[in-house]
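The values are calculated or read from the model by the stated rules, or taken from the named source; none is laboratory data. Computed from a prediction, not measured in an experiment: that's the story for all the values here. With ideal geometry, Cβ positions are generated from the backbone for all residues, glycine too; neighbour counts draw on all protein chains shown.
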Amino acid sequence: MAEELASEEQVAENNRVTILVKPNGSMKVTGTVDFVDSTGNVLGTRTDFSLCRCGHSKQMPFCDSSHRAASFEAPAYMGPINQEIVKKV
């Protein structure tokens, strides 16, 4: 059975930080996120942004749309989430 993909509007309505993996593109983060270093210091805060998935961005870790020029291809569906890995994070 194929899973139904949520629209960006549906994702934003749930009042949680969400990551929407876009086909052939970035990972769109909806919500407010603190960037924290290994010692717990907050380095900055961002709301509603996209993370690079292709590795070509000049603004890593953020997307600058370089995936278009690089002809990056990757499906939006990344497979089932391994719950054991999620519990460790």
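Here are some notes:
- Within the range 27-75, considering residues that are in contact with a Lys or Arg (Cβ under 8 Å, 6 or more places away or on another chain) and of a type in the set (Ser, Thr, Tyr), the one nearest to Arg16 (Cα to Cα): Thr32
- Those helices (runs of 4 or more DSSP H) of the chain in which at least 2 residues are at pLDDT below 90 and of a type outside the set (A, V, I, L, M), considering only elements entirely within it, cover 8-12, 83-88.
- No other residue among Asp34, Asp48 is in contact with a strand residue (DSSP E or B) (Cβ under 9 Å, 6 or more places away or on another chain) and on the phi > 0 side of the Ramachandran plot apart from Asp48.
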